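Below is one structure, written out as structure tokens; comments come after it.
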Amino acid sequence: MRSRSFEVRFDAPTSAVWRIVSDTDRVDGAAGLGAIAYTERREGDGTTRRFGRMRKYGMLQEYEEKPFVWVHERFFEVERVFSRGVFRVFRHRCEIVPDADPDAGCTVRTTYAFEGRGLLGLTLPFAVWLELVLPYRRVYRRIREALAAGAAPLAVSAPLAAETARFRAPVPVAAYDTRWRRPRVRALVDLAARARAYDDSALVARIVEAVTAWPDEDLWRMQPRALARRWQADPKATLDACLAATRAGLLKMRWDVICPHCRGDKGNLASLADATERAYCPSCDLDFDVDLDRGLEAVFTPHPQVREVVSKHFCVAGPGSTPHIVYQRALEPGEADAVQIALAPGRYRARFTGETSWRWISVEADGASHVRFVVGDAAVDGTDAIVGRSFDLEVRNASGRRVVAVVESVAWAEDALSAGELVADQRFRDLFSKEVLGPGTKLAVQDATLLFTDVVGSTALYNTLGDARAFRLVHDHFGVLRRIVAAHKGAIVKTIGDAVMAVFVAPDDALRAAAALHVEVDAAARASGHEAGVRLKVGVHAGPCIAVTLNERLDYFGTTVNLAARAEHLAGPGEIVVTEDLARRTRGGAPLSEAGWTSRAEEANPKGFPHPIRVLRWSSGPSSA
């Protein structure tokens, strides 16, 4: 085989360089490679074969793409075997060679190895140099310049992608109709004004600029957290601006079905009503349950009436597409692999195609230096392991089938906005109250924190104040509750008489809200002229449940919900009852103790539960013995 290589030196941390260079989809697009149409074929051994099709050199190129091989922050490699085109075989290997101090710099070494087909194949050495070596070297040098200038690694790909965009620089709105697909300027201005009516912040203007100026690849999956980092803005304020722009018709919200293994989107849903309880990932050959926590991700894209964004793929299976995977290797029967891996402390999972179980690898400061797994026809030989930050991994395929071995972080993607988070957001529920699951569809929620409140002595209030004044007082207290819950990153699910059910993603936020609402509801009642004030009972519990649509709104059901409601029934006036399970998850209820509340532990017998449960009863006065 013939080969061509080049090297580029970086005075930047190896981790920063890897994060950009391993994003083969972005880098390939920036280097000018054509878009590729991919198909996948399910195999009987639990693996999937991937085929690509593109036009290059005026000819149709068709090939099978073997699974990428990579080791985190060290190298990646891919081989393509062609059935049509000028190549027979093509291999691309990118290796990062760190300095003695990997935080000081590294060298990226890229090699293209190839075998030609027919007479045209004789020209490949020149073509590879012209079409691959020179463009990729230019891209890497641009990355180097951006890193040297102090640009954040995640932002570097934007100017690179802009090289293949239809413009070289942001397009002002005034030129929008003449330089970019000729949509009506007035329509865009009207939509921006409508968005500002929902959210009058400078972030709406940033969204308008992005919609008009950014290339398609930056707009297909707009993630609010990634936008916030790029704009150095508050993540919640950025989400609110995206929701406002969507409500106005400037953006469109989409729900991507996410595979729990490869974490690729396996379906793009226009509405939550289109969600199903099960989905299939052809890349992993996996049927999986769709849940709200990680099975559905909310993303944004320009509304088609403003701009039609085309999704193009230049490479779908590189390490940058699945950054949670730190090692991947396909092994034929009898084949083995041995590599050294350096990882940040945390929990990782080793899994193998064809196996329903996996092994856990915990990376700590001190641990074993070697891990070995042997994949057999019936089982995997090898146990869970605790290893140091750098260790040797050995995998051997002793089975009669091809196996893809993967080691992956179990930490969720930092930029992903799960459906579970969004439906627990008050702003989302206010603006998109019709965004609900389809009739009869129930989706699991792996973890939700439920808070229930009730007004103490509401019957006496009506008798004392009269129906009109008491109703107004209770109605106003709902408004205070809603404001406090929203301020603590939660949402009101429903009201039940004088009671309220709210949901939070983080238990700490729920406890902070519980402390605040006791004080502020009472203060608001006294400020309105009710000298006796209003006292509440509050109960909080967290755990798994299910989400359904009931009475045309998203609701939660299950044992966790029932126990949270029972906790509120156990509370006395001015108290907060927290289950022991939730207290354990919040460092003993730290948000409440930090706010001056005191607690006592006790055993309770909630109605409808067969066994007693442990709870912490919190009050704002001195702790009881």
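The values are calculated or read from the model by the stated rules, or taken from the named source; none is laboratory data. Owing to the predicted nature of the structure, the values given are computational and were not obtained by experimental measurement. Methodologically, a virtual Cβ is constructed for each residue, glycine included, from the backbone with ideal geometry; neighbour enumeration extends over all protein chains shown.
Checking the conditions here, which among ASP522, ASP581, ASP498 is touching a Gly at 6+ places or on another chain (Cβ under 6 Å) and free of Cβ contacts under 8 Å to residues at least 60 places away in the same chain? Break it down stepwise before answering.
Numbers: ASP581 fails: touching a Gly at 6+ places or on another chain (Cβ under 6 Å); ASP498 fails: touching a Gly at 6+ places or on another chain (Cβ under 6 Å).
Unique residue meeting the criteria: ASP522.
Looking at GLU77, GLU73, GLU131, which is the one that is charged (D, E, K, R) and crowded, with 19+ Cβ neighbours inside 10 Å? Of GLU77, GLU73, GLU131, the one residue that is charged (D, E, K, R) and crowded, with 19+ Cβ neighbours inside 10 Å is GLU73. Selection of strands (runs of 3 or more DSSP E) fully inside region 237-314 by the criterion of at least 1 residues being modelled with pLDDT under 85 returns 286-289.
On inspection, ASP392 fails the criterion of being among the acidic types (Asp, Glu) and part of a loop (DSSP other than H, G, I, E, B).
Comparison of THR560, THR549 shows that the only residue that is polar (S, T, N, Q), closer than 20 Å to VAL493 by Cα and surrounded by fewer than 19 Cβ atoms within 10 Å (Cβ to Cβ) is THR549.
Just wondering, is there one or more residues in region 138-154 that are among the β-branched types (Val, Ile, Thr) and assigned to a strand (DSSP E or B)?
Initial filter on region 138-154 (among the β-branched types (Val, Ile, Thr)): 139, 143.
Now restrict to residues that are assigned to a strand (DSSP E or B): none.
Within region 138-154, not a single residue is among the β-branched types (Val, Ile, Thr) and assigned to a strand (DSSP E or B).
Criterion applied to TYR198, TYR176 was being among the aromatic types (Phe, Trp, Tyr), buried (at least 16 other Cβ atoms within 10 Å of the Cβ) and modelled with pLDDT of 85 or more, and the one residue passing it is TYR198.
With more than 28 Å from PRO235 (Cβ to Cβ), surrounded by fewer than 17 Cβ atoms within 10 Å (Cβ to Cβ) and of a type in the set (Lys, Arg) as the only criterion, which of ARG351, ARG329, ARG372 stands out? Let's see the steps before the verdict.
Working: ARG351 fails: surrounded by fewer than 17 Cβ atoms within 10 Å (Cβ to Cβ); ARG329 fails: surrounded by fewer than 17 Cβ atoms within 10 Å (Cβ to Cβ).
Exactly one residue qualifies, and that residue is ARG372.
It is to be established whether one or more residues within region 391-414 are buried (at least 21 other Cβ atoms within 10 Å of the Cβ), under 24 Å from HIS72 (Cβ atoms) and not hydrophobic (A, V, I, L, M, F, W, C). There is at least one residue in region 391-414 that is buried (at least 21 other Cβ atoms within 10 Å of the Cβ), under 24 Å from HIS72 (Cβ atoms) and not hydrophobic (A, V, I, L, M, F, W, C). Total residues in region 335-389 satisfying the condition of being among the acidic types (Asp, Glu), part of a strand (DSSP E or B) and either closer than 20 Å to TRP412 by Cα or free of Cβ contacts under 8 Å to residues at least 60 places away in the same chain (or both): the figure is 3. Scanning region 552-582 for residues that are over 27 Å from ASP430 (Cα atoms), among the aliphatic types (A, V, I, L, M) and within 27 Å of the chain's Cα centre (by Cα) returns a single hit, LEU582. With respect to the conditions (1) closer than 22 Å to ARG137 by Cβ; (2) of a type in the set (Asp, Glu); (3) touching a Gly at 6+ places or on another chain (Cβ under 9 Å), GLU73 falls short on a single one, namely (3).
Any idea which residue in region 469-493 is nearest to ASN551 (Cα to Cα), counting only those that are of a type in the set (Gly, Ala, Ser) and either surrounded by fewer than 20 Cβ atoms within 10 Å (Cβ to Cβ) or touching a strand residue (DSSP E or B) at 6+ places or on another chain (Cβ under 8 Å) (or both)? Step through it out loud before you land on a result.
Going residue by residue through region 469-493, those that are of a type in the set (Gly, Ala, Ser) are 470, 479, 486-487, 490-491.
Narrowing further to those that are either surrounded by fewer than 20 Cβ atoms within 10 Å (Cβ to Cβ) or touching a strand residue (DSSP E or B) at 6+ places or on another chain (Cβ under 8 Å) (or both): 479, 486-487, 490-491.
On the way: GLY479: 21, ALA486: 22, ALA487: 26, GLY490: 20, ALA491: 17 Å.
So the residue we want is ALA491.
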